[in-house]
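To start, the structure under review is shown below, and the notes come after it.
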Amino acid sequence: MTHDHDHDHAHDEHGHHHGNDHEHPHPPQKDHDAGPMSAYEVLEEAVRSLLIEKGVTTADEIAAQIDLMDSRTPALGAKVVAKAWTDAAFKARLLADTAAALNELGIDIGTLAEFRTIENTPGVHNVVVCTLCSCYPKLLLGIPPAWYKSLAYRSRVVVDPRSVLAEFGVRVPAGTEVRVHDSTADLRYLVLPMRPAGTDHWSEERLAGIVTRDSMIGTAIPETQA
Amino acid sequence: MSAGSGRPPRFRAGESVQVAGREAVGHCRTPWYLRGHAGVIASVHGAYHDPERLAYHKPGLPLKVLYKVRFRQADLWRDYKGPANDHLEADIYEDWLGPADGKERGR
């Protein structure tokens with residue numbers, strides 16, 4: 001197969017055709033299994049096959065875990081935030097016992113890590129990081145964004161949070177405390193952003209639409225106009 | 001999870017503490033940048049399995065009390081640019097904490 005052939009083929013699958021509206025040049029998309037496996041990929045495959053062969057786990061169990069992870073997305077977190085914005089009693093329960101409140105909405109976060117909800121107020125802006133690795137409330141928000149795991153974010157948000165937040169477009173007034181949470185241990189943190197002004201008559205569903213992933217990490221503020 | 005440790009927590013919310021300045025061999029959940037620094041107990045999370053043992057396939061016992069410790073950013077970083085009221089909070093296990101002795105390690 002020639003290089004050009006791969007390129008065109010990949011495009012056809014995605015419904016793009018080189019023609020009138022698609023003239024700009026761009027590099028070909030490599031197949032994810034192109035080229036030799038890395039040492040870690042070989043190791044992962046070897047350990048996985050051994051665990052299955054020895055009956056420690058099964059391919060079905062692994063697939064079920066992947067499906068579970070894929071079912072968790074920021075939309076789930078947004079639903080929780082919108083509910084907290086519109087139901088004061090639920091918000092109180094979410095802040096007091098996050099796992100139990102999530103259970104009410106049918107969201108099971110398992111028992112591997114405990115969740116805490118931290119509330120942004122006019123006096124405090126919270127932002128979450130894991131300087132040691134990439135701890136994140138995955139069972140609510142899904143896989144973390146790549147930047148959350150980057151050395152730049154993990155080191156800079158601790159030393160100079162206000163500049164990092166400004167780069168994300170968040171300017172915290174000097175009178176508001178910036179509170180960085182380094183999730184170093186068994187707890188995972190969900191930021192409950194402030195409900196924007198002018199949304200008093202919005203439905204829960206419409207509110208959920210403006211709650212972004214980053215606003216639940218603390219690196220964004222929900223906006224009423226996109 | 002917070003099963004009983006059999007021992008009451010050594011510190012209470014509001015108490016001043018200091019993170020040990022020691023080094024650790026192997027897996028450890030106390031970040032370097034907090035070691036030797038003074039903070040205040042924000043809350044007591046409860047007793048948890050010891051990550052320094054769990055990492056080596058041990059049961060993680062005895063359980064360790066975990067605290068949320070609150071640090072002033074201006075105390076952590078000598079040239080911190082933000083307002084004096086900015087803080088950083090981290091979860092630290094009890095065996096890494098001692099009473100604050102006022103001899104905070106500078107940076």
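The values are calculated or read from the model by the stated rules, or taken from the named source; none is laboratory data. Predicted, not measured: the structure shown is a model, and the values here were computed from it. Glycine gets a Cβ as well: all are built from the backbone with ideal geometry, and neighbour counts include every protein chain shown. To get the accessible areas, we keep the full protein, side chains included, count just its heavy atoms, and leave off ligands, DNA and RNA. Shrake-Rupley method; radii C 1.70, N 1.55, O 1.52, S 1.80 Å.
When A:Ile217 is tested against (1) open to solvent by less than 40 Å² (accessible area, probe 1.4 Å); (2) away from chain B (no Cβ under 14 Å); (3) in contact with a Ser or Thr (Cβ under 9 Å, 6 or more places away or on another chain), exactly one condition is not met: (3). Total residues in region B:63-74 satisfying the condition of being touching a His at 6+ places or on another chain (Cβ under 7 Å) and without any contact (Cβ under 8 Å) to a residue 60 or more places away in the chain: the figure is 7. So, in region A:186-209, of the ones that are charged (D, E, K, R) and buried (at least 19 other Cβ atoms within 10 Å of the Cβ), which residue ends up farthest from A:Ala78 (Cα to Cα)? Looking at the filtered set, the residue picked out is A:Asp186. Out of the residues in region A:168-182 meeting the condition of being closer than 14 Å to A:Ile217 by Cβ and more than 7 Å from chain B (Cβ to nearest Cβ), tell me which one is surrounded by the most Cβ atoms within 10 Å (Cβ to Cβ). It comes out as A:Val170.
Summed over region B:47-62, the residues that are open to solvent by less than 20 Å² (accessible area, probe 1.4 Å) and touching a residue at least 40 places away in the same chain (Cβ under 8 Å) give a count of 4. Residues in region A:121-136 that are in a loop (DSSP other than H, G, I, E, B) and open to solvent by 10 Å² or more (accessible area, probe 1.4 Å): A:Pro122, A:Gly123, A:Thr131, A:Leu132, A:Cys133, A:Ser134, A:Cys135, A:Tyr136.
Against the condition touching a residue at least 60 places away in the same chain (Cβ under 8 Å), open to solvent by 10 Å² or more (accessible area, probe 1.4 Å) and either assigned to a helix (DSSP H, G or I) or closer than 22 Å to B:Trp77 by Cα (or both), how does A:Leu139 come out, does it pass? So A:Leu139 fits the description; yes. Name the residue that is surrounded by the fewest Cβ atoms within 10 Å (Cβ to Cβ), counting only residues in region B:31-46 that are within 15 Å of A:His181 (Cα to Cα) and touching a strand residue (DSSP E or B) at 6+ places or on another chain (Cβ under 6 Å). Looking at the filtered set, the residue picked out is B:Ser43.
Here the strands (runs of 3 or more DSSP E) wholly within region B:1-94 that include at least 3 residues being under 22 Å from A:Val127 (Cβ atoms) are B:38-48, B:64-72, B:87-93. Beta carbons closer than 7 Å, at least 6 apart along the sequence or on distinct chains, pair a first residue in region B:75-88 that is more than 7 Å from every other protein chain (Cβ to nearest Cβ) with a second that is open to solvent by less than 40 Å² (accessible area, probe 1.4 Å) and at pLDDT 95 or above for B:Asp75/B:His37; B:Asp75/B:Ala38; B:Leu76/B:Tyr33; B:Leu76/B:His37; B:Leu76/B:Leu88; B:Tyr80/B:Gln73.
So that you can scan it fast, the table gives a plain yes or no per residue for (1) in contact (Cβ under 8 Å) with a residue 40 or more places away in the chain; (2) within 21 Å of A:Asp97 (Cα to Cα):
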residue: A:Thr176; (1), (2): yes, no
residue: A:Thr184; (1), (2): yes, yes
residue: A:Val191; (1), (2): yes, yes
residue: A:Arg195; (1), (2): yes, yes
residue: A:Ser203; (1), (2): no, no
residue: A:Asp214; (1), (2): yes, no
residue: A:Gly218; (1), (2): yes, yes
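Screening A:Ala113 with (1) open to solvent by less than 70 Å² (accessible area, probe 1.4 Å); (2) at pLDDT 95 or above; (3) closer than 19 Å to A:Met216 by Cβ gives one miss only, at (2).
Taking region A:145-160 as the range and being more than 7 Å from chain B (Cβ to nearest Cβ) and either more than 29 Å from A:Leu112 (Cβ to Cβ) or in contact (Cβ under 8 Å) with a residue 24 or more places away in the chain (or both) as the test, the residues that pass are A:Pro145, A:Tyr148, A:Tyr153, A:Arg154, A:Ser155, A:Val157.
Residues in region A:60-93 that are open to solvent by less than 70 Å² (accessible area, probe 1.4 Å), farther than 21 Å from A:Ile143 by Cβ and part of a helix (DSSP H, G or I): A:Ala82, A:Lys83, A:Ala84, A:Trp85, A:Thr86, A:Ala89, A:Phe90, A:Lys91, A:Ala92.
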